[in-house]
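Below is one structure, written out as structure tokens; comments come after it.
The values are calculated or read from the model by the stated rules, or taken from the named source; none is laboratory data. Everything numeric here is computed off the predicted structure, so don't read it as measured data. Counting neighbours? That spans all protein chains shown, and the Cβs are built from the backbone with ideal geometry, glycine included. The protein model used for the area step is the full one, side chains on, heavy atoms only, and it has no ligands, DNA or RNA in it. Shrake-Rupley method; radii C 1.70, N 1.55, O 1.52, S 1.80 Å.
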Amino acid sequence: MEQMSLFDNRESAAPLATRLRPATLDEYVGQQHLVGQGKILRRLIEEDQVSSMIFWGPPGVGKTTLARIIANRTRAEFVEFSAVTSGIKEVKEVMHRAEANRRLGIKTLLFADEIHRFNKAQQDAFLPFVEKGSIILVGATTENPSFEINSALLSRCRVFILKALEAGDLAELLRRAVTSEKGLGSLRVSIEDTYISAIARFANGDARTALNTLEMAVFNGRMNEKGVLCVDEEVLSQCFNRRSLLYDKNGEEHYNMISALHKSMRNSDPDAAVYWMQRMLDGGEEPLYIARRLIRFASEDVGMADSGALSVAVAAFQACHFLGMPECDVHLAHAVVYLSMAPKSNALYVACEECKKDIRERPAEPVPLWICNAPTDLMKNLNYGKGYIYAHDTEEKMARMRCLPKALEDRRYYRPGEEGGEKQVKEKLEHILQWKEQKVEEAH
């Protein structure tokens with residue numbers, strides 16, 4: 001006879017996260033800024049006024065669940081679509097079926113998971129059906145929709161931002177999973193609240209990760225003489241890297257580590273920089289977050305000393321976007337080491353800060369008339385553009401005319417240093433300034 005396990009009596013072989021998927025807003029955990037009593041999305045759902053929308057947020061925060069709740073509440077046919085498995089042919093087939101349903105008075109809610117992965121042709125195929133109301137499009141994305149979704153489609157959708165779940169929300173969800181009959185309630189499970197909290201912290205705002213970790217911990221628990229499955233620290237340590245518990249992506253340790261990474265690169269210490277980068281990845285940090293910080297560093301701390309640093313950082317971001325973890329760690333290491341070893345200059349950062357300070361504290365100065373555009377006769381009669389010198393028409397390819405407002409004509413924001421390529425930039429700028437000053441003196 002085939003041996004039965006403790007878990008053979010579950011409702012199905014479906015993962016715990018699937019079995020516990022909420023069916024109503026009252027069961028839904030988190031996102032109270034959207035679905036709390038009286039909040040905008042809840043009102044739209046309850047009043048059946050749902051239109052096409054985009055849910056933007058990190059993984060495991062309830063985007064798919066929310067779409068299913070909306071479909072149930074609006075009594076619409078729910079069609080789930082994935083860019084990974086569906087091409088333009090499948091998109092058109094679903095659209096035509098939705099159009100036929102519309103004529104019969106049946107709503108179709110099309111949930112496009114990872115909508116940022118749909119190409120332009122696929123996204124364009126949605127557009128006419130969204131406009132006609134044949135479908136209610138609900139897209140889910142972990143990427144900024146402003147960059148990843150066609151502007152025409154995006155303009156016809158409302159964007160709702162879903163936040164990473166709080167540790168308290170996840171702990172509540174885990175406690176419910178232990179006691180619910182749909183979850184682990186049919187088993188006698190003993191797990192201390194401190195371990196529930198540890199799993200909630202480890203999940204970093206991702207409900208799916210939290211429930212999968214709990215299920216693994218219970219599956220590997222030890223049964224005592226009373227038939228109770230006990231989850232202890234040793235079992236829990238087998239389910240996740242304990243060091244990850246010390247890393248909170250929204251807490252002090254997060255900022256300490258990104259600070260350590262920045263300061264190690266600034267101090268030209270590639271070993272320390274790679275170490276802190278790997279610590280962040282090991283703790284579950286999103287690689288695209290690290291890549292974005294490297295892009296900022298490339299201009300803030302390297303700048304014109306090595307303008308190629310920005311290209312390397314942007315390329316690392318793109319590589320992380322294409323590959324994801326675990327393969328993209330070497331691309332991040334490539335950029336981290338390059339930035340660590342690059343010559344350093346904060347001249348661009350200082351220029352921006354000093355300029356912003358003047359803008360905040362000084363009056364808003366008018367644009368000098370000679371560099372204003374003059375598209376009409378009236379503006380020309382008012383001396384707009386009068387005295388403008390087209391630099392390309394001069395022998396030196398530059399003119400002595402002033403481009404800053406009168407009140408700021410002596411201000412210097414960009415003061416290049418002498419590291420790397422910025423030394424040549426400094427020499428060129430000094431030559432330009434001397435030339436312009438000489439021309440002014442000659443004019444007097």
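Could you list all residues from the range 349-385 that are in a helix (DSSP H, G or I), open to solvent by less than 80 Å² (accessible area, probe 1.4 Å) and farther than 24 Å from residue 415 by Cβ? Passing the criteria: 369, 370, 379. The residue list 97, 156, 176 contains one member that is more than 30 Å from residue 237 (Cβ to Cβ), open to solvent by 60 Å² or more (accessible area, probe 1.4 Å) and in contact (Cβ under 8 Å) with a residue 60 or more places away in the chain, which is 156. If residue 396 satisfies every condition in (1) in a loop (DSSP other than H, G, I, E, B); (2) surrounded by 15 or more Cβ atoms within 10 Å (Cβ to Cβ) but one, which is the exception? Going through (1) in a loop (DSSP other than H, G, I, E, B); (2) surrounded by 15 or more Cβ atoms within 10 Å (Cβ to Cβ) one by one, residue 396 breaks only (2).
Count of the range 258-277 residues, restricted to those that are outside any helix (DSSP H, G or I) and either in contact with a helix residue (DSSP H, G or I) (Cβ under 7 Å, 6 or more places away or on another chain) or surrounded by 17 or more Cβ atoms within 10 Å (Cβ to Cβ) (or both), is 2. Residue-level check: of (1) touching a residue at least 60 places away in the same chain (Cβ under 8 Å); (2) open to solvent by 10 Å² or more (accessible area, probe 1.4 Å), residue 138 misses just (2).
Pairs linking a residue in the range 371-396 that is more than 27 Å from residue 435 (Cβ to Cβ) to a residue that is surrounded by fewer than 12 Cβ atoms within 10 Å (Cβ to Cβ), with Cβ atoms under 9 Å and 6 or more positions apart or on different chains, are 379/373; 384/373; 384/375; 384/376; 384/378. Scanning the range 100-122 for residues that are in a loop (DSSP other than H, G, I, E, B) and among the β-branched types (Val, Ile, Thr) turns up just one, 106. Close Cβ contacts (under 7 Å, 6 or more residues apart or on different chains) running from residues in the range 209-226 that are in a helix (DSSP H, G or I) to residues that are open to solvent by 50 Å² or more (accessible area, probe 1.4 Å) comprise 212/15; 215/15.
Residues that are open to solvent by 40 Å² or more (accessible area, probe 1.4 Å), within 20 Å of residue 63 (Cβ to Cβ), modelled with pLDDT under 85 and not in a helix (DSSP H, G or I): does the range 198-205 have at least one? No: the range 198-205 contains no residue that is open to solvent by 40 Å² or more (accessible area, probe 1.4 Å), within 20 Å of residue 63 (Cβ to Cβ), modelled with pLDDT under 85 and not in a helix (DSSP H, G or I). In this structure, residue 106 does not qualify as among the hydrophobic types (A, V, I, L, M, F, W, C), closer than 30 Å to residue 289 by Cβ and in contact with a strand residue (DSSP E or B) (Cβ under 7 Å, 6 or more places away or on another chain).
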